[in-house]
Amino acid sequence: MTTAENSALYYEAGQTFTPMTEMTDSGDHKIFNSDAECWSDEAGFSPLVKSDGVLTGLVVSAAAGNNLVDVSAGTLNLDGYVMDMASVTNKICARGTDINVCIINSITITSAGAFAVVSGSAGEQFSEVRGADGGPPFIPIGSVEIAQVRLSSITDAPVLASEILAVPNKHRELANYPAILTTDFIREQNGIIGSAGVTFSTPLMCNHSGNTPKNVYAQYCEPEFAEIGRAADFQPAANSLTTSSQPYYGGAIGEVSTALKSGKFKAYLDNGISDPILAKEGKKIWLKYLVDRYQPGNYILTQGFLGITAQYPAKGSIYADFTINATDAGKRIAM
């Protein structure tokens, strides 16, 4: 039977920084992964996620001349950074020909930060299928779509306001929509650790070449661990189940509720003043527990705000009781 004699407990003593890097679509266009297994959320080291899209302005409107639109000034996320765009006037939109009278023009901002009109293939009627005749075009990867102009006449004329469409995540890419549903500082399933990342509230539209969504970027820090000397009695944050009952005439209804229980551990200190871990009091950090330091593939990761109650007995070792005030239960990882 395994004992905790060779156990080791580590805390997040520092971080390794990764600058803005493109994340990977998991395939469902909602979950995007980084290259890290774990993200820090200590104050000052929390991740920053930027998806390509409009932040402010960049409104497309009809211009005075035939087949022309104007775009107002604004800002957008592009390639992981915020870009300012000046207004532009008289961008030309294509019209259909002969019997293929319906055409959709996508008004875009290129990866180089320039306005561009990408015209779809004309058709006899409009289609909502990207790349189809009469449908919206696929735009280049790295570009941002800000509106669509749908023209159903081959006769040159001013663009009507009703021919300009800008519904978010359908005709227009916004930086803050769809919203990020969760920031996943760690992902674990059946004891297997995945990649930290984000999950959006709804799938991103696939309007880019290859039927792909817009680019999503993140800068983040990965925790660097240092051992807590003379640690003992570790308990990870865990879900606790409580059973209660509601009586009724002739019987009772059983109910089970779940509550998150804080983690805890004890450590014997050098002097209770200058021990490095004491500097983490009140901070949200990761703790890593190895049941056997010689088998590093099996461990528990738990994250929370570190509470510290130090004890200075007149006789005996100075020690502290630590609490891990978590928002999620600890994760058991088995390699």
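A few comments on the model shown:
- For region 160-193, a residue qualifies if it is of a type in the set (Ser, Thr, Tyr), part of a strand (DSSP E or B) and free of Cβ contacts under 8 Å to residues at least 24 places away in the same chain, and exactly one does: Thr182.
- Single residue of region 120-135 satisfying the filter (of a type in the set (A, V, I, L, M) and surrounded by fewer than 17 Cβ atoms within 10 Å (Cβ to Cβ)) that is nearest to Ala94 (Cα to Cα): Ala132
Condition check ((1) within 14 Å of the chain's Cα centre (by Cα); (2) outside any loop (DSSP other than H, G, I, E, B); (3) of a type in the set (S, T, N, Q); (4) at negative phi) across all residues:
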residue: Glu5; (1), (2), (3), (4): no, no, no, yes
residue: Leu9; (1), (2), (3), (4): no, yes, no, yes
residue: Asp35; (1), (2), (3), (4): yes, no, no, yes
residue: Glu42; (1), (2), (3), (4): no, no, no, yes
residue: Val49; (1), (2), (3), (4): yes, yes, no, yes
residue: Thr56; (1), (2), (3), (4): no, yes, yes, yes
residue: Ser61; (1), (2), (3), (4): no, yes, yes, yes
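- Matching residues in region 152-171 - criterion: being at negative phi and touching a Leu at 6+ places or on another chain (Cβ under 8 Å): Pro158, Val159, Glu163, Pro168, His171
- For region 221-273, a residue qualifies if it is β-branched (Val, Ile, Thr) and at pLDDT 90 or above, and the qualifying residues are Ile228, Ile273.
- Residues of region 203-219 that turn out to be within 21 Å of Ser40 (Cβ to Cβ), in contact with a Pro (Cβ under 9 Å, 6 or more places away or on another chain) and crowded, with 23+ Cβ neighbours inside 10 Å, as a count: 1
- For Glu124, the conditions (1) over 15 Å from Ser61 (Cα atoms); (2) acidic (Asp, Glu); (3) touching a residue at least 60 places away in the same chain (Cβ under 8 Å) all hold with the exception of (3).
- Every pair of residues 6+ apart whose Cβ atoms lie under 6 Å, when the first sits in region 23-45 and is touching a residue at least 60 places away in the same chain (Cβ under 8 Å) and under 23 Å from Arg332 (Cβ atoms) while the second is assigned to a loop (DSSP other than H, G, I, E, B) and of a type in the set (Phe, Trp, Tyr): Trp39/Phe185; Asp41/Phe185
This table checks each residue for (1) more than 30 Å from Gly65 (Cα to Cα); (2) in a loop (DSSP other than H, G, I, E, B); (3) open to solvent by 60 Å² or more (accessible area, probe 1.4 Å).
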| residue | (1), (2), (3) |
| --- | --- |
| Ala147 | no, no, no |
| Thr155 | no, yes, yes |
| Ser195 | yes, yes, no |
| Val198 | yes, no, no |
| Cys221 | yes, no, no |
| Phe225 | yes, no, yes |
| Gly229 | yes, yes, no |
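- The residue pairs whose first member lies in region 61-77 and is under 17 Å from Thr155 (Cβ atoms) and open to solvent by 30 Å² or more (accessible area, probe 1.4 Å), whose second member is modelled with pLDDT of 95 or more and among the small types (Gly, Ala, Ser), and whose beta carbons are closer than 7 Å, counting only pairs six or more residues apart or on different chains, are Ala62/Ala161; Asn66/Ala157.
Residue-by-condition table, conditions (1) within 29 Å of Gly191 (Cα to Cα); (2) hydrophobic (A, V, I, L, M, F, W, C); (3) under 35 Å from the mean Cα position of the chain (by Cα):
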residue: Asp233; (1), (2), (3): yes, no, yes
residue: Tyr299; (1), (2), (3): yes, no, yes
residue: Ala314; (1), (2), (3): no, yes, no
residue: Phe322; (1), (2), (3): yes, yes, yes
residue: Thr327; (1), (2), (3): yes, no, yes
residue: Ile333; (1), (2), (3): yes, yes, yes
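- Members of region 231-252 found to be of a type in the set (Phe, Trp, Tyr) and either without any contact (Cβ under 8 Å) to a residue 12 or more places away in the chain or open to solvent by 80 Å² or more (accessible area, probe 1.4 Å) (or both), listed by number: Tyr248, Tyr249
The values are calculated or read from the model by the stated rules, or taken from the named source; none is laboratory data. On a predicted model such as this, the values are computed, not experimentally measured, just so you know. Note that we place each Cβ from the backbone using ideal geometry, even for glycine, and neighbour counts take in every protein chain shown. With ligands, DNA and RNA removed, areas are computed over all heavy atoms of the protein, side chains included. Shrake-Rupley method; radii C 1.70, N 1.55, O 1.52, S 1.80 Å.
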